[in-house]
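K.L.:
Attaching a single structure in structure tokens format; questions to follow.
The values are calculated or read from the model by the stated rules, or taken from the named source; none is laboratory data. Computed from a predicted model, the values in this text were never measured in an experiment. So basically every Cβ, Gly included, is an ideal-geometry build from the backbone, and we count neighbours across all protein chains shown.
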Amino acid sequence: MLELFTYLANWLAYGLLGLNPDTRVGTSIHFFIEDTTKILFLLVVMIYVIALARASMNLERVRAYIQQKHRLVGYFFGSGFGAITPFCSCSSIPLFLGFTSAGIPLGITMAFLFTSPIINEVAVIMLWSLLGWKFTLAYIVIGMAVGIVGGMILDAMKGERWLKDFAAKAYQKAAVEAQDPGKDIEVPETPKMTMAERHQFARDELKEIVGRIWKWVLIGVGLGAALHGFVPDGWFADNLGSGQWWSVPAAVFAGLPLYSNATGVIPVMESLIAKGLPVGTTLAFCMSTVAASFPEFIMLKQVMTFRLLAMIFVILLANFMVVGWVINAISPWLFSGL
Amino acid sequence: MKHFEVLGTGCKKCINTAETIERVARELGQPVEVVKITDPAKIMEYQVMSTPAVALDGKVVHSGSIPDRDTIAGWINP
């Protein structure tokens with residue numbers, strides 16, 4: 001069904017605009033039309049459908065659910081809920097404090113916050129349509145692993161020692177209360193919603209998300225289209241080497257000053273991989289752009305001391321590099337069809 | 001006079017929420033006081049996890065989105 005968008009792009013670019021498919025401008029514009037129409041169509045349909053399903057989910061229930069779990073399972077759930085919970089980065093401070101003051105360990109809260117920007121329904125839809133299900137699955141596993149491992153390391157280093165005072169006190173108080181064996185954690189009930197209320201929620205959600213990300217889609221696909229048309233095939237392999245170890249840290253540092261959300265980066269990833277940049281290097285670049293953003297760190301400064309922030313930063317960078325190296329090493333058999 | 005607090009760490013939606021409450025109050029001809037709370041410790045005391053949130057006379061009445069006009073009118077003129 002998605003070939004429809006290839007025909008549409010053929011008709012618009014080569015027919016209506018009269019561009020030549022053998023020129024760089026021609027292929028770039030074709031790529032841009034095909035990807036923007038396809039992505040925007042899928043986004044509108046899928047965001048609406050998913051929002052209908054999760055209309056009754058709220059953070060209070062998520063929190064109670066995580067609290068009931070054993071600590072080790074908690075990392076997994078923290079990261080998993082980070083992936084599926086709709087979440088805007090301006091909510092990260094209240095969420096962080098809400099979790100912390102309920103006695104949820106810092107590492108589990110951070111597993112949620114690490115994974116949240118990397119995985120969301122928009123990213124998954126785009127990856128699936130542009131790079132296929134194998135890659136999408138690998139991306140989800142890696143995104144969750146980055147969150148889970150990052151959170152575990154943070155707890156192993158007892159990162160909660162370097163929370164800001166008021167947050168540390170709230171955490172200790174809740175941790176003491178949690179020792180009381182008679183204390184039950186109540187999961188708030190699922191609010192009952194009518195179909196009309198779900199529709200209303202999904203419509204608002206659709207408006208809000210598309211209103212926020214359409215620019216990123218255009219910029220991302222625009223960059224991807226330029227790469228697609230103007231960078232010769234195999235250019236990366238010829239000029240940046242094909243998977244030498246240093247190309248991964250280089251990609252991580254290149255991604256740092258860039259700040260984008262997953263929506264903007266994925267079309268660029270598609271082109272980078274098509275032009276021969278190794279998959280692990282591309283993923284390291286993508287995660288660094290999406291998950292280690294300075295605006296986010298400045299926000300977290302309100303609840304963390306500089307020392308803790310620096311720890312988190314180093315843990316994230318190290319994780320991205322390991323991801324890059326591991327994927328580069330195993331990608332020949334993992335993505336043989338890509 | 002009704003006392004509103006808009007809780008949020010300073011994102012665009014929080015500013016929007018405060019402005020919307022003030023506008024609706026003007027339309028209804030009711031004087032209200034709207035204060036923006038950005039201090040994370042205060043927000044934590046209210047136990048709010050999704051912002052923007054609204055507290056009316058010290059009680060949280062809404063969280064997670066910009067409240068719509070009818071809801072706000074209901075707070076001002078119950």
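K.L.:
Among the residues of region A:273-314, write down those that are in a loop (DSSP other than H, G, I, E, B), within 15 Å of A:SER116 (Cα to Cα) and without any contact (Cβ under 8 Å) to a residue 40 or more places away in the chain. Working first, answer last.
P.N.:
Here is the first cut: in region A:273-314, the residues in a loop (DSSP other than H, G, I, E, B) are A:275-278, A:292-293, A:301-303, A:305.
If we keep only those that are within 15 Å of A:SER116 (Cα to Cα) too, we end up with A:292-293.
Residue satisfying the conditions is A:ALA292 alone.
Each row is one residue, and each column tells you yes or no for (1) away from chain B (no Cβ under 14 Å); (2) among the hydroxyl-bearing types (Ser, Thr, Tyr); (3) surrounded by fewer than 15 Cβ atoms within 10 Å (Cβ to Cβ).
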{"position": "A:PHE285", "(1), (2), (3)": "yes, no, no"}
{"position": "A:ALA291", "(1), (2), (3)": "yes, no, no"}
{"position": "A:VAL314", "(1), (2), (3)": "yes, no, yes"}
{"position": "A:GLY324", "(1), (2), (3)": "yes, no, no"}
{"position": "A:SER331", "(1), (2), (3)": "yes, yes, no"}
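K.L.:
Might you check whether a residue that is assigned to a helix (DSSP H, G or I), in contact with a Gly (Cβ under 7 Å, 6 or more places away or on another chain) and either away from chain B (no Cβ under 14 Å) or of a type in the set (Val, Ile, Thr) (or both) occurs anywhere in region A:42-63?
P.N.:
No, that holds for no residue.
K.L.:
Would you say B:ILE66 is surrounded by 17 or more Cβ atoms within 10 Å (Cβ to Cβ), of a type outside the set (Gly, Ala, Ser), modelled with pLDDT under 90 and not in a helix (DSSP H, G or I)? Lay out the reasoning, then the answer.
P.N.:
Working: surrounded by 17 or more Cβ atoms within 10 Å (Cβ to Cβ): yes; of a type outside the set (Gly, Ala, Ser): yes; modelled with pLDDT under 90: yes; not in a helix (DSSP H, G or I): yes.
Against the criterion (surrounded by 17 or more Cβ atoms within 10 Å (Cβ to Cβ), of a type outside the set (Gly, Ala, Ser), modelled with pLDDT under 90 and not in a helix (DSSP H, G or I)), B:ILE66 qualifies.
K.L.:
For region B:11-54, name all the residues that are more than 10 Å from chain A (Cβ to nearest Cβ) and part of a loop (DSSP other than H, G, I, E, B).
P.N.:
Residues satisfying the conditions are B:GLY29, B:GLN30, B:PRO31.
K.L.:
Follow-up. Return the residues of region A:66-78 that are surrounded by 15 or more Cβ atoms within 10 Å (Cβ to Cβ) and either part of a helix (DSSP H, G or I) or at pLDDT 85 or above (or both); say none if nothing qualifies.
P.N.:
Step one: list which residues in region A:66-78 are surrounded by 15 or more Cβ atoms within 10 Å (Cβ to Cβ), which gives A:66-67, A:69, A:74-78.
Once the filter is applied, which keeps residues that are surrounded by 15 or more Cβ atoms within 10 Å (Cβ to Cβ) and either part of a helix (DSSP H, G or I) or at pLDDT 85 or above (or both), region A:66-78 yields A:ILE66, A:GLN67, A:GLY74, A:TYR75, A:PHE76, A:PHE77, A:GLY78.
Yes/no per residue for (1) over 17 Å from A:ALA167 (Cβ atoms); (2) within 14 Å of chain B (Cβ to nearest Cβ):
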position: A:LEU95; (1), (2): no, yes
position: A:ILE104; (1), (2): no, yes
position: A:ILE108; (1), (2): no, no
position: A:PHE112; (1), (2): no, yes
position: A:PRO117; (1), (2): yes, no
position: A:ASN120; (1), (2): yes, no
position: A:ILE125; (1), (2): yes, no
position: A:LEU131; (1), (2): yes, no
position: A:PHE135; (1), (2): yes, no
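K.L.:
Could you identify the single residue in A:PHE114, A:PHE81 that is at pLDDT 85 or above, in a helix (DSSP H, G or I) and surrounded by 23 or more Cβ atoms within 10 Å (Cβ to Cβ)?
P.N.:
On the way: A:PHE81 fails: surrounded by 23 or more Cβ atoms within 10 Å (Cβ to Cβ).
After applying the criteria, what remains is A:PHE114.
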